[in-house]
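Below you'll find the structure, written out as structure tokens, and then a few comments.
The values are calculated or read from the model by the stated rules, or taken from the named source; none is laboratory data. Since we're looking at a predicted model, the values are computed, not measured. FYI the Cβ positions are ideal-geometry reconstructions off the backbone, even for glycines, and counts take in every protein chain you see.
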Amino acid sequence: MRIAVIGAGHAGVAAAEAAAKQGAEVVLFSAESALPYFRPRIVGVAVGREAEEAILFHPREWFEARGIELRLGSPVESVERVDAGFVVRAGGKDERVDRLVLATGACPFTPPLYATKRERLSPLWTLADARALSAKLVPGTRLCVIGGGILGLELALGAAARPGVSVTVVEREDRLMRAQLSDLVSGALRDNLTRRGVEVVTNACVERFEEVPGALRLCFADGGVREFEQVVYALGARACLDLARVCGLEVGRGVRVDGSLATSVEGVWACGDVVEVDGVTRSVALEAVKQGRVAGENAAGGKAVYRSVGAALSYRHPDLEILAIGAAQPEGSRLREVPTEKGLCVLVIQDGLLVGVQALDAREAFRQHEKRLGQAVDGAGEGV
Ligand SMILES: Cc1cc2nc3c(=O)[nH]c(=O)nc-3n(C[C@H](O)[C@H](O)[C@H](O)COP(=O)(O)OP(=O)(O)OC[C@H]3O[C@@H](n4cnc5c(N)ncnc54)[C@H](O)[C@@H]3O)c2cc1C
């Protein structure tokens with residue numbers, strides 16, 4: 001059996017490995033020219049903390065040893081159904097396969113205002129983006145990161161450690177990481193960033209960009225104006241669905257799949273950030289790998305089942321750890337700080353139930369309380 005895996009990120013490489021293990025011939029198509037790599041670690045490359053080679057999954061020989069034919073710089077342009085199989089077209093060349101695994105991942109969310117190509121404005125999504133940004137983070141650079149979510153903050157923290165680089169985070173909402181953190185924990189995070197030299201500007205909505213000599217000018221809705229040598233936007237992600245649509249797959253926010261990660265079209269499986277599970281798309285590398293293993297095995301005739309892991313946020317910077325699970329701060333909820341040896345751990349309580357736990361540099365307390373999510377909380381005591 002010959003299987004095409006489209007996309008060589010976390011999910012695609014895991015799928016290719018699992019399918020090859022089952023004895024299938026695998027062709028792995030990658031739109032990128034670099035060998036497959038750990039995407040979360042491109043931040044380290046962008047800020048000069050990690051070398052490119054250090055973030056590769058495997059050397060080229062690893063793929064060869066498993067009989068995986070890796071085609072780099074080969075974005076798949078079209079897929080056609082023929083008889084019982086498919087013809088996959090990439091770089092003008094046709095490849096006949098029996099089955100498909102779609103692992104095209106997600107793309108950075110790019111609203112129309114950000115879509116015009118500008119030298120000083122970019123997302124940080126690929127190793128090529130990281131390489132380009134790294135060359136620009138030289139002494140004297142003012143970097144602006146638009147978006148106070150986890151990706152933006154990770155970049156801000158890393159870049160602030162680069163000599164002579166000043167960093168500003170611009171967030172439209174009234175606090176950082178609003179979707180995951182209560183005002184109490186978000187406020188502590190802001191203080192932490194400020195101590196590390198990162199300027200944080202909230203309630204700030206960029207309305208217009210203007211190119212001026214040597215910089216990009218940001219014009220805000222309240223009339224304010226700031227200039228930066230480099231601007232990176234981190235506004236979230238959207239599943240890359242172009243090819244899924246070409247294949248006629250049923251899609252919502254992502255490709256719809258069943259528990260075996262089969263799509264609505266026979267002979268096609270999907271995995272990673274491109275799929276939706278229980279109506280939601282995720283951006284979690286570990287989930288992408290787990291899904292890749294299941295989709296690859298099943299495409300090669302296996303019977304694996306995918307079970308989603310919880311949607312906890314876990315972010316570890318060399319000297320800052322953010323952990324969060326459950327609701328951030330729903331209407332009518334109250335917050336309770338629990339004692340910790342160091343750091344901060346906060347419980348979110350709604351109608352007497354524990355609905356969220358959040359921690360900054362307080363892993364032990366977080367682990368202790370996260371297990372009790374959904375349980376009743378004792379109103380009088382300090383703990384739950
Ligand atoms: C900067 C950054 C930091 C992150 N940090 C974390 C973190 O700390 N923890 C965490 O869990 N997750 C993190 N994530 C998310 C994590 O990287 C993703 O969940 C994971 O990469 C998903 O894997 P995937 O294989 O589904 O997609 P991807 O890794 O995005 O791979 C998809 C690949 O498919 C390719 N492709 C798309 N279309 C085609 C086509 N037509 N033909 C051929 N190839 C195609 C793409 O170019 C891409 O290389 C981060 C993401 C980014 C961008």
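Being under 21 Å from R2 (Cα atoms), surrounded by 17 or more Cβ atoms within 10 Å (Cβ to Cβ) and modelled with pLDDT of 95 or more is true for just one of C271, C247. Which residue is that?
On the way: C247 fails: modelled with pLDDT of 95 or more.
On inspection, the qualifying residue turns out to be C271.
If you scan region 46-71, which residues turn out to be near the ligand (Cβ under 10 Å from one of its atoms) and within 22 Å of the chain's Cα centre (by Cα)?
Result: A46, single match.
Could you list all residues from region 167-224 that are in contact with a Cys (Cβ under 6 Å, 6 or more places away or on another chain) and not in a strand (DSSP E or B)?
Passing the criteria: R172, A221.
Confirm whether L323 is surrounded by 12 or more Cβ atoms within 10 Å (Cβ to Cβ), out of contact with any Pro (no Cβ under 8 Å at 6 or more places or on another chain) and at pLDDT 95 or above.
Judged against the criteria, L323 is not a match.
R118 - would you say it is in contact with a strand residue (DSSP E or B) (Cβ under 6 Å, 6 or more places away or on another chain), over 27 Å from V280 (Cβ atoms), of a type outside the set (A, V, I, L, M) and more than 10 Å from the ligand (Cβ to nearest atom)?
no
Residues checked against (1) hydrophobic (A, V, I, L, M, F, W, C); (2) surrounded by 18 or more Cβ atoms within 10 Å (Cβ to Cβ):
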{"residue": "A4", "(1), (2)": "yes, yes"}
{"residue": "A11", "(1), (2)": "yes, yes"}
{"residue": "A16", "(1), (2)": "yes, yes"}
{"residue": "E25", "(1), (2)": "no, no"}
{"residue": "S33", "(1), (2)": "no, no"}
{"residue": "R39", "(1), (2)": "no, yes"}
{"residue": "I42", "(1), (2)": "yes, yes"}
{"residue": "V47", "(1), (2)": "yes, yes"}
{"residue": "F57", "(1), (2)": "yes, no"}
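Just name the residue that is farthest from L176 (Cα to Cα) out of those in region 225-240 that are within 16 Å of the ligand (Cβ to nearest atom) and part of a loop (DSSP other than H, G, I, E, B).
My answer is C240.
Residues to consider are L133, L176, L124; find the one that is closer than 23 Å to G187 by Cβ, aliphatic (A, V, I, L, M), modelled with pLDDT of 95 or more and surrounded by 18 or more Cβ atoms within 10 Å (Cβ to Cβ).
The conditions single out L176.
When you check S333 against the structure, is it outside the structural domain of L181 (by TED's automatic domain parsing), among the hydroxyl-bearing types (S, T, Y), within 16 Å of the ligand (Cβ to nearest atom) and touching a strand residue (DSSP E or B) at 6+ places or on another chain (Cβ under 8 Å), yes or no?
Criteria not met by S333.
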